[in-house]
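See structure below.
None of the figures in this text is laboratory data; all of them are computed from the coordinates on show. Every value quoted in this text rests on a predicted model; they were computed, and no experiment measured them. As a convention, Cβ positions derive from the backbone with ideal geometry for all residues, glycine included, and neighbour counts pool all protein chains shown.
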Amino acid sequence: MDNFKLVTLEELKKHNKPDDLWIAIEGKVYNVTKFRNEHPGGEETLDEVGGLNATVQFNEVGHSQEAKQMLKKYYVGHLVSGEESAAQTAISYNDLNKMA
Ligand code: HEM
């Protein structure tokens, strides 16, 4: 967890191809590019949610504890919600205003 990273929705969305596939589950972003062809639920299932928040889909399946443990291996960083991104933008604008 040393390389803690914040991932915006905008960045997540870019990783939506089979050879560059990220998904978000419960606020955490995972790079499943290498896991894709090992997924017991199929490659296409992951492709469909590439670049998206797949929390609902992941939980609907009722994945096992084992599956949940596997997630750690693919962790990239935390997903920053739209509100937080907006807040960060607002902060930078405030800083700019202070400087002006
Ligand atoms: C990194 C993310 C994921 C991991 C590590 C993972 C892992 C697994 C594992 C180990 C299984 C075997 C059953 C079990 O142990 O629960 C499984 C089954 C399955 N997964 Fe995933 N999964 C991931 C994401 C997803 C997502 C996002 C979806 C849906 C969009 C999905 C859909 C399914 C389905 C439908 C099965 C059932 C396959 C069957 O029983 O024939 N998985 N997954």
- prompt: Quick one: His63, His15, fewest Cβ neighbours within 10 Å first, how do they rank?
  reply: His63, His15
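Which pairs in the list Lys14/Lys68; Lys34/Lys73; Lys5/Lys28 are over 18 Å apart, alpha-carbon to alpha-carbon?
Values: Lys14/Lys68 24 Å; Lys34/Lys73 11 Å; Lys5/Lys28 10 Å.
Exceeds cut-off: Lys14/Lys68.
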message: I want the antiparallel fraction of DSSP beta bridges within the stretch 1-79, as a percent rounded to 5.
response: 75
- line: log10 I(q)/I(0) for the stretch 1-78, Debye formula on C-alpha points only (no solvent), q = 0.23, 0.26 Å⁻¹, two decimals, reads -1.12, -1.43
